[in-house]
Amino acid sequence: MARIASDPVLDIQPDFSSPTFEGLRNCIIGGTQTTHEEVTNKLATAWEQDRDLRVVAWTRQVDEDQRLAAHTAQTERERVDQERLRLEQEAEAELREAEKKKPKINDFKIGAAVGDTLTPCPSQYAIHKLKSFEYVELWYFSPDGCRETADDAKTSADDTFGLTKVEDFVTLKPVASFKASRKAIQDHSLEWRQFDLAKNSFLLYINKLKWPDKHQRALTMFFMNIVSHPSRSEPYRE
């Protein structure tokens, strides 16, 4: 059906009794006995029926136009909302990226004390042994052993490197740092001073490396029993 241009309710019924429609009335009357008044009434009735049909069609057309307009408006609102959300997300992403690139100052704990001594650092070879829960000589944890490790790292001419994992990173380490030291001293050959200092460092590192508490306590008691052995009270038994 063709689109209706205006509301039929506003249409004004023609005056079918006017001279303008006389020719039409004569055509309708023809050779019948119908009067001009009867034809006028029939024309008026037909026009009203046609108008009623056009009013129904107009109402449907208006409803459809409103539905389409509402759908178009909703679609546009959704498009605008999506565009706004996209721009906001892009702005947030740019802000996060900018925050990442900003220089950051390291945090610190107020009132934290800073030690005035450095904990002896044993070789990676010894640390690896502890991580694997394997035996390693106490000498590596003594000041002498840690000092030898530091000196070897400075003077080693071995240019061979290997991969190792430090926390969450993979790094290169000299292969020499993972080798046993030729200067290592067996536990039973350690001087008392070397043993006494090495055991403390050893206990510290097995704690750092999360050895089972049961094993840590057993080793602590083992060393305490040695230190407190009655023979130490005898002359020259340190």
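Readers should treat all values here as calculations from the given coordinates under stated rules, not as data from a laboratory. None of the values given here were measured: they were computed from a predicted structure. Note that we place each Cβ from the backbone using ideal geometry, even for glycine, and neighbour counts take in every protein chain shown.
A few notes on this one:
- Pairs over the 29 Å Cα-Cα cut-off, from the set K104/K179; K129/K183; K109/K214; K109/K179; K179/K208; K109/K208: K104/K179; K109/K214; K109/K179.
- Each other residue within a Cβ distance under 14 Å of S189 adds +1 if Lys or Arg and -1 if Asp or Glu, for a net charge of -2.
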